[in-house]
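Taking it in order: structure first as structure tokens, then the write-up.
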Amino acid sequence: LAAMGARPLAVVVALAAPPSLELRRVDGIVRGMAAGARLWGAPLVGGNVARARRSSLALTALGAVRRGRALRRDAARPGDRLLVTGTLGGAALAVARAARTGRRRGPAVEPRLAAGRALAGLAGAGACIDVSDGLLADLGHVLRASRVGASLDAHCVPRPRGLARACARLGLDPMRLALAGGEDYELLFTVRAGAPSAASLSARLGVRVPEIGRIEARRGLRGAGRPAGGRGWAHF
């Protein structure tokens, strides 16, 4: 919803579980979902419960956006500036740390709903996608859908404070986490060349949005500082 500039309306859920699943766990799951739904103004309105060998949970968030104002992957144009909200790499670091220590990952990522809606109302907005698979992978989705290429300045990609130090302790590459880690759910988007500056956009969207590259007519992704190997999550 955030990546398309939509406002949340409701959530439905499909829960499949074996009879052995304790009722207190089901109650806890429902309470957690209801709390999250209230937090983002999208009430839990229904769904389905079914018997299964293993537990599974599928949620669908429903939203709305004004006709013709939805942000799309195929709207990038040559000359567009490329920007991203927030910072990248923090979620991948949390996943790596949890895998090594067995601790919980920490607080959930905050969806950029307000930023997405503000961007949808911008006259110079182009394409938009959320960074779930990793910056390189998700930028690739935009480039393919829009039939364009891009020049990326990897050193301008924003990273959380202390990421390099934390990665050094774990033997990880901070650039790789920022470019291919994923799970940050920040918004990667383009704006036309004449759109407001990055500083003005930051004020409008309510979050820092540094410029990290340009959209070009020549297909493919070019740029300095990209890590060798690993371009993010591949679904198939």
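Structure notes:
- Filter pass, LEU188 being outside any loop (DSSP other than H, G, I, E, B) and within 30 Å of ALA99 (Cβ to Cβ): yes
- Filter result for GLY102 (under 15 Å from the mean Cα position of the chain (by Cα) and small (Gly, Ala, Ser)): no
- Tallying residues that are of a type outside the set (Asp, Glu) and open to solvent by 70 Å² or more (accessible area, probe 1.4 Å) within region 2-42 yields 12.
- Residue within region 133-144 that is within 24 Å of VAL65 (Cβ to Cβ) and touching a Pro at 6+ places or on another chain (Cβ under 7 Å) present: no
- Qualifying residues in region 202-236 (those that are at pLDDT 95 or above, outside any loop (DSSP other than H, G, I, E, B) and in contact with a strand residue (DSSP E or B) (Cβ under 6 Å, 6 or more places away or on another chain)) - the one farthest from PHE189 (Cα to Cα): GLU216
- Looking at region 29-123, the strands (runs of 3 or more DSSP E) lying wholly inside it that each contain 2 or more residues that are in contact (Cβ under 8 Å) with a residue 60 or more places away in the chain and not β-branched (Val, Ile, Thr) sit at 56-64, 81-84.
The values are calculated or read from the model by the stated rules, or taken from the named source; none is laboratory data. From a predicted model like this one, the values you see are computed outputs, not experimental measurements. Counting neighbours? That spans all protein chains shown, and the Cβs are built from the backbone with ideal geometry, glycine included. The accessibility values were calculated without ligands, DNA or RNA, using every heavy atom of the protein model including side chains. Shrake-Rupley method; radii C 1.70, N 1.55, O 1.52, S 1.80 Å.
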